[in-house]
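**Q** Before I ask anything, let me first share the structure, which is written out below as structure tokens.
Bear in mind that the values in this text are calculations on the coordinates, not laboratory data. Here the structure is a predicted model, which is why all the values come from computation and not from measurement. No Cβ is skipped: glycine too gets one built from the backbone with ideal geometry, and neighbour counts run over all protein chains shown.
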Amino acid sequence: MAGLCVVAVLSALPAAAATVQVEVDAIEPGGGPVRVTLCQGGLSEPFCTRGDEATASGGRALFTFRDVAPGVYAVAAFQDSNGDGRLDRTGLGLPLEPYGFSGAVARRARPDFSDAAFALREPGASVRVRLARALPGR
């Protein structure tokens, strides 16, 4: 009976959660909304299920993800220049719109989750993403 009481008390406690604040900068003026996703386990679409969109003010945008379970995450962001809701790419897969990731992701190769990853613990983390173009002048 005492074991059931302990289980009941533990299940009544709130699950651990944290907040992720994301600042995106180097946004092109008038270039469309900025889209940000929180990724866990990889940087492709199936791993980036939690997202948000905002317009930029003064070349930057702020995003807050609340009630995120502690773990290892990465942030991917892009400026949706044509408003179609996706990151446009060339036939070779190079991004045509400004994009960026958390961490130390190199722009000369396909991004790796481990380079963009950060550990999220309570109460949370602040992450900065700087947008850039893979193909300058487009």
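**Q** Hey, can you rank 82-90, 61-69 by average C-beta count inside 10 Å, highest first? Present the calculation step by step, with values, prior to reporting the outcome.
**A** Numbers: 82-90: 11.6, 61-69: 16.0.
Highest-to-lowest ranking by the protection proxy: 61-69, 82-90.
**Q** Something else: Could you calculate the FRET efficiency of Asp84 with Ala54 from 1/(1 + (r/R0)^6), where r is the beta carbon distance between them and R0 is 25 Å, rounded to 0.05? Each step should come with its number before you reach the end.
**A** Working: r = 17 Å, r/R0 = 0.67.
For R0 = 25 Å, the calculated efficiency reads 0.90.
**Q** Could I ask something else about it? Residue separation times 0.36 nm, minus the C-alpha to C-alpha distance between Ala16 and Asp115: what's the value?
**A** Here the answer is 33.1 nm.
**Q** Any idea what Rg and Dmax come out to for segment 15-130 if you just take the C-alpha atoms, in Å?
**A** Over segment 15-130's Cα set, Rg and Dmax evaluate to 13.7, 44 Å.
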